[in-house]
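Below is one structure, written out as C-alpha cells; comments come after it.
The values are calculated or read from the model by the stated rules, or taken from the named source; none is laboratory data. Please read all numbers here as calculations on a predicted model, not as lab measurements. Here Cβ is always computed from backbone atoms with ideal geometry, including for glycine, and neighbour counts include all displayed protein chains.
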Amino acid sequence: MKIKILLADDHQLVRKGFRALLEELDFVEIVGEAANGKEAVQLLRNGAKPNVALLDYEMPLMNGLETTEEIKRDFLGVKVI
C-alpha cells in the first residue's frame, strides 16, 4: 500500500523539490499539490484522498496552522505534517 501525500507550499520550487524526492520512493504517491492552504482544502473537498498533508507553515490566504485546523476538523483520517 502506498502512502498518499498532498503537498502544500507557496514556493513552487519547494513543491517540485519535495515531489522529486518523494516520487523516488516506491511506497509514496503524490495525490495533489497546492500553492496555499485554501487550494489544499479545496483539493480535499474535490475528492483528493491523501493519508498525509505536508504543509508549509507560512502561506498566503490560509497559513499552515489554519489549514491544519480545517483539515483536522473536516477530514478526520488525514495526518498533517
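With the condition kept exactly as written, say whether any residue in segment 8-23 is acidic (Asp, Glu), surrounded by fewer than 16 Cβ atoms within 10 Å (Cβ to Cβ), at pLDDT 95 or above and not in a strand (DSSP E or B).
Yes: one or more hits.
Just name the residue that is farthest from Leu22 (Cα to Cα) out of those in segment 50-63 that are under 10 Å from the mean Cα position of the chain (by Cα) and of a type outside the set (A, V, I, L, M, F, W, C).
This residue is Asp56.
Return the pairs, sorted by first residue and then second, in which the second residue is loosely packed, with under 13 Cβ neighbours inside 10 Å and not in a helix (DSSP H, G or I), the first residue lies in segment 63-74 and is in contact (Cβ under 8 Å) with a residue 12 or more places away in the chain, the beta carbons are less than 8 Å apart, and the residues are 6+ apart or on different chains.
If the second residue must be loosely packed, with under 13 Cβ neighbours inside 10 Å and not in a helix (DSSP H, G or I), the pairs left are Asn63/Tyr57; Gly64/Tyr57; Gly64/Glu58.
Residue by residue through segment 32-79, note down the ones that are within 22 Å of Met1 (Cα to Cα) and out of contact with any strand residue (DSSP E or B) (no Cβ under 8 Å at 6 or more places or on another chain).
Gly47, Phe75, Leu76, Gly77
Identify the single condition in (1) closer than 14 Å to Val78 by Cβ; (2) in a strand (DSSP E or B) that Leu43 does not satisfy, given that it satisfies every other one.
(2)
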